[in-house]
Amino acid sequence: MGNRDDEYDYLFKVVLIGDSGVGKSNLLSRFTRNEFNLESKSTIGVEFATRSIEVDGKTIKAQIWDTAGQERYRAITSAYYRGAVGALLVYDIAKLLTYNNVERWLKELRDHADQNIVIMLVGNKSDLRHLRSVPTEEAKAFAEKEGLSFIETSALDSTNVETAFHNILTEIYRIVSRQQLPDTGTNEPPGGKTITVEPTEETNRSTNNCCAR
Amino acid sequence: MQSVDPQNGRTFWKKSNKVPGGMRAVYGAMHPPITRSPRSSPRKEAGPRKAETNDSFQEFQESVNDAWDCGDDEFCVISDVKISSRLVQSAALSVINSHRSSQLMTSTPPSILPELHHHHHHHYQRSHSPPPPPQPPHMEEEEEEEEMEYPHCSPGFDEENLPLSRLDPSAVIVPRAPVIAASDSERDMARTEKFLEVINRANTSLPELRKLSWSGIPTRVRAVAWRLLNGYLPANSERREETLRRKREEYWSFVDQYYGTRHEDLHQDTFRQIHIDIPRMSPLIPLFQQGTVQEMFERILYIWAIRHPASGYVQGINDLVTPFFIVFLHEVVPREESLDTYEVELIAAEQRAVVEADSFWCMSKLLDGIQDNYTFAQPGIQSKVQQLGELMKRIDVNLHQHLARQEIDYLQFSFRWFNNLLMREMPLGCTVRLWDTLHAEPDGFSHFVLYVCAAFLTYFSHHLMAQRDFQVSQGCSYYLESIFTPVIRGSCRPPVSSDALAIQGRVDGQGMWVFLGHSTVQKGFGFLRGSNSGHRERQSETLTTLLPPPLLC
C-alpha cells in the first residue's frame, strides 16, 4: 500500500470462486479493507474490490472479483472469468462438500477462463479447528496433483489472508514479467500504464457441450 | 398499442447487439442467448413519432420539473433529500407532539379475513374471478379521470408516511415506542376509511384500489390490500374467506407432502442452500434470527423451490418473502410490541400458520410474474439490465456515457437490483413502501421496477458523474452503496437513540418518495398525477417514447 490509488505498474484481475458460504466475500473484505463481517449477506452476481501491493518495487493493483457461489449464477459469473489472470478457488475446511466440489469448479475454470490462469486452492475457515473435515495434507496433495498452489486461511482471524493474495499476485507477476520480454523487448510500460494480461483466445478449447446442469 | 413501427420497421429499443451490461458470451451454456431474443426485445410504439429522442425528453423533463413543486403529491415536499437532519428532527418532533394525544386512540387491529363490513354496492359489476388481469399502465381506463383520490399534502411532513405508526413496517427496524400512533391522524384515518370502503365492497374494484395504493397504503389495511393487489385474495368478498381457508390448507398439505424430502439426495442441495441463506438475509434484525422464523422461511422457500423446478431456489428469492412476512406478521403481533424483537413463538400456532401460508402464496404470485429472473441464465434480469441501459441512454445520456467511459457494466451494479428487487439497497421499511407502489402498478415487479432503478441512477447522477475512476479506485458496487446508503437512510451517522431511529426511518420514507416521484416524472404518466393536466399531451408523447412493452407475455 502507500501508493496513490491511480498509480500502479500492473493491474491484475483475479476471481474468487467456490461454493456458497465458504467465505469468499470475507476473504475479499479482509484483504481489501481489513474487515470481517459475521453478518455478511450472500453475494448476488458479482462484486469487486481492489487493493495494491508492492512486489519487487513494482506496484501491483489487484482487481478482485467476488462471485456468487450458487450454481444458478454461473452463467453470469463465468462471463467474468475472461481476462482473469488469477483465481482463488475457496472451500471451507469444515465442510467436506465444499471441498468435494472443488473439481467442478476447476472444470468451470477450464471451460471459461484463460488456460494460463494461475489458480490457488484456498482452504478457508482454518480457525474452525474442532470442526475440520478436510485434512490439510489431503488438500495439499490434491493441489499438487492438479498443479495448483495451496494455502489455508482464516478470514475471521486474518491468518494467511495477506499471504494468500500476496503469493498469487507475485506468481502472476513473475509470469507476466517473464512473458513481456520476448513480446515487446521492454519490460517497463511508460508512465506506469496499465498492463493487463490478455487471455489467449481459446479457439481450440475442448468442446463445450455440457449443459450446465 | 405497442408494436413495431410499421413505417421504418425498426425496433425502437434495440439496435445494437451489444448488450449494455457488457455481457460476454457464455461458453458451453445451453440457455437463451444473452443478446436479445424476440420475446424480450422491447418494441417500438406505433404511431406518429419523430425520430428525435433525447432532446425532446430533456425538454419534457424540464417542462415537468415544476411538477416537483405542485404540492399535489406527498413527495413534493421532500423533493430534496438534503434536508438537514435537524430540520427533519424538529419537524418530526412537532408532528409527534401534535399527535401524541391521539396516540391512545387505538384502532382495532384488522381482521385477518377482511370481512369487516360488507357494503354491498350493487352498481358494481358482478364478480369476475380471478381478478381482472392488470392492464398496461398506459391503457388504464381511469386515465381520463382528473380527480385523483390522493389527499393533497400540505407543506410540512406527511404523517402517513412516517414510520412511526404501529403498523408501519419501518417499525421493524425502528422500535415503535415511544412514538407509535402518530399516524392515527385524521388524515390517515380518512385514508384508511377510504381503503376499507373499497376493500369491503362486495366486489372490490382493483383499478380503484391500485389508484389508492400507488401513493402508499395505510399500515392498518396494508396486509389486506396487498393480498388483493397480489391476486391472492379474490376481489369478490363472498369468496374471500373460503379461498383463504382453502389456500392455507393447501399450503400445509404441500408441507406435509414435500417437506420431508428435504434431506433426500435429489433435494438436499436446494435445502442446504436455503438453510445457509436464511440466517444471513437480514442478519441485523433480531426477528430473523429466531429459530421459529427461520424455519418458517425454510419451509416457504423449500416448498416453492420443489414446486418450481424450472428455476428452483435462487439466492435473492429469499429476500422476496420478507416484505410479505413482515406485513402479515404485523397483523397478528400485539400492537404494543416491537416487531423486530417480538418472540414469534408467542403467537398462536394457527396464526403463525396463516402468516406462513399467506407469505408463501403471495410470494408465489409475485414470482409467477418474474420467473424468468430466476430460470437458467436469468434472462429476465439480463433483459432488464439491457433495458436499463437503453433507458438511461435516453433520459440521462451524460451519465450513460460517463459509465461507459469508466467501463462500468450495468450488469455489475444493476443485476442485484433486479435480482433482489432493490431490497439490498434500501432499508426494509422503504422496501415495504416501494412495494405498495409496485403492487399498485400493473406489472410493477416485472416492469415498473425498471423505472425505479432508472430513477435511482438519475437521482444520483451528479454524484456518479463526479466519480472519475470507478474501476481502479474501488469496486463499483461498493461505491454505489457508499453513495446510496447515506442518502436513502437520510443520515451518514448511525442513529444513536430510538428517536433518531424513528426520524431516520422517517427520512427513509421521504427518500422513497423522491425515487418514486422521480420515476413518475420519467415515466411521465399524467394519469397518475392527474392534477398536472397541463402536461398531459407532452406526457403522452413521452409515454409512447419511453415505455417499452411489458417484458412478459
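The values are calculated or read from the model by the stated rules, or taken from the named source; none is laboratory data. These numbers were taken from a predicted model, which means no experiment stands behind them. In this analysis, Cβ positions are derived from the backbone assuming ideal geometry, glycine residues included, and neighbour counts consider all displayed protein chains.
Observations
- Within segment B:267-279, being facing chain A (nearest Cβ under 9 Å) and in contact with an Asp or Glu (Cβ under 7 Å, 6 or more places away or on another chain) holds for no residue.
- Residues located in segment A:68-113, provided they are among the hydroxyl-bearing types (Ser, Thr, Tyr) and at pLDDT below 95: A:Tyr73, A:Thr77, A:Ser78, A:Tyr80, A:Tyr81
- From the options B:Arg210, B:Arg176, B:Arg166, residue that is under 17 Å from B:Arg433 (Cβ atoms), at pLDDT 55 or above and buried (at least 23 other Cβ atoms within 10 Å of the Cβ): B:Arg210
- Filtered residues of segment B:338-382 (kept if of a type outside the set (S, T, N, Q) and not in a helix (DSSP H, G or I)): B:Leu339, B:Asp340, B:Tyr342, B:Glu343, B:Ile347, B:Ala348, B:Ile370, B:Tyr374, B:Phe376, B:Ala377
- Residue count, segment A:154-179 (criterion: out of contact with any Asp or Glu (no Cβ under 9 Å at 6 or more places or on another chain) and among the polar types (S, T, N, Q)): 4
- For segment A:39-73, the tally of residues that are over 27 Å from A:Leu96 (Cβ atoms), facing chain B (nearest Cβ under 10 Å) and aliphatic (A, V, I, L, M) stands at 1.
- A:His166 being closer than 28 Å to A:Asn37 by Cβ, assigned to a helix (DSSP H, G or I), without any contact (Cβ under 8 Å) to a residue 40 or more places away in the chain and of a type outside the set (S, T, N, Q): no
- Only residues that are within 12 Å of chain B (Cβ to nearest Cβ) and outside any loop (DSSP other than H, G, I, E, B) were counted across segment A:17-28, and they come to 3.
This table checks each residue for (1) surrounded by fewer than 20 Cβ atoms within 10 Å (Cβ to Cβ); (2) in contact with a helix residue (DSSP H, G or I) (Cβ under 7 Å, 6 or more places away or on another chain); (3) away from every other protein chain (no Cβ under 14 Å); (4) in contact (Cβ under 8 Å) with a residue 60 or more places away in the chain.
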residue	(1), (2), (3), (4)
B:Tyr302	no, yes, yes, no
B:Ala305	no, yes, no, no
B:Tyr313	no, yes, no, no
B:Val321	no, yes, yes, no
B:Phe324	no, yes, yes, yes
B:Val327	no, yes, yes, yes
B:Leu339	no, yes, yes, yes
B:Ile347	yes, yes, yes, no
B:Ala353	yes, yes, yes, yes
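- Odd one out for A:Leu38, checked against (1) touching a Gly at 6+ places or on another chain (Cβ under 8 Å); (2) of a type in the set (A, V, I, L, M); (3) assigned to a loop (DSSP other than H, G, I, E, B): (1)
- When segment B:316-331 is filtered for residues that are more than 13 Å from B:Val224 (Cβ to Cβ) and β-branched (Val, Ile, Thr), the ones remaining, listed by number, are B:Ile317, B:Val321, B:Thr322, B:Ile326.
- Any hit, segment B:261-277, residues being of a type outside the set (A, V, I, L, M) and within 22 Å of B:Glu345 (Cα to Cα): yes
- Exactly one residue out of A:Phe31, A:Phe36 is within 14 Å of chain B (Cβ to nearest Cβ), aromatic (Phe, Trp, Tyr) and over 17 Å from the mean Cα position of the chain (by Cα), and it is A:Phe36.
- Per-region count, segment A:74-97, residues more than 13 Å from every other protein chain (Cβ to nearest Cβ) and not in a strand (DSSP E or B): 2
Here is a yes/no grid of residues against (1) of a type outside the set (A, V, I, L, M, F, W, C); (2) within 13 Å of another protein chain (Cβ to nearest Cβ); (3) surrounded by fewer than 23 Cβ atoms within 10 Å (Cβ to Cβ):
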{"residue": "B:Glu350", "(1), (2), (3)": "yes, no, yes"}
{"residue": "B:Phe376", "(1), (2), (3)": "no, yes, yes"}
{"residue": "B:His402", "(1), (2), (3)": "yes, no, yes"}
{"residue": "B:Trp417", "(1), (2), (3)": "no, yes, no"}
{"residue": "B:Phe445", "(1), (2), (3)": "no, no, yes"}
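- Single residue of B:Thr322, B:Thr341 found to be under 17 Å from B:Ile285 (Cα atoms) and over 24 Å from the mean Cα position of the chain (by Cα): B:Thr341
- Of note, B:Asn200 does not satisfy the criterion of being surrounded by fewer than 20 Cβ atoms within 10 Å (Cβ to Cβ), touching a Pro at 6+ places or on another chain (Cβ under 9 Å) and under 29 Å from B:Arg307 (Cβ atoms).
- Subset of segment B:382-400 (residues that are within 14 Å of another protein chain (Cβ to nearest Cβ) and either among the basic types (Lys, Arg) or touching a strand residue (DSSP E or B) at 6+ places or on another chain (Cβ under 7 Å) (or both)): B:Lys384
- All conditions in (1) surrounded by fewer than 21 Cβ atoms within 10 Å (Cβ to Cβ); (2) in contact with a helix residue (DSSP H, G or I) (Cβ under 9 Å, 6 or more places away or on another chain) hold for B:Ile276, with the sole exception of (2).
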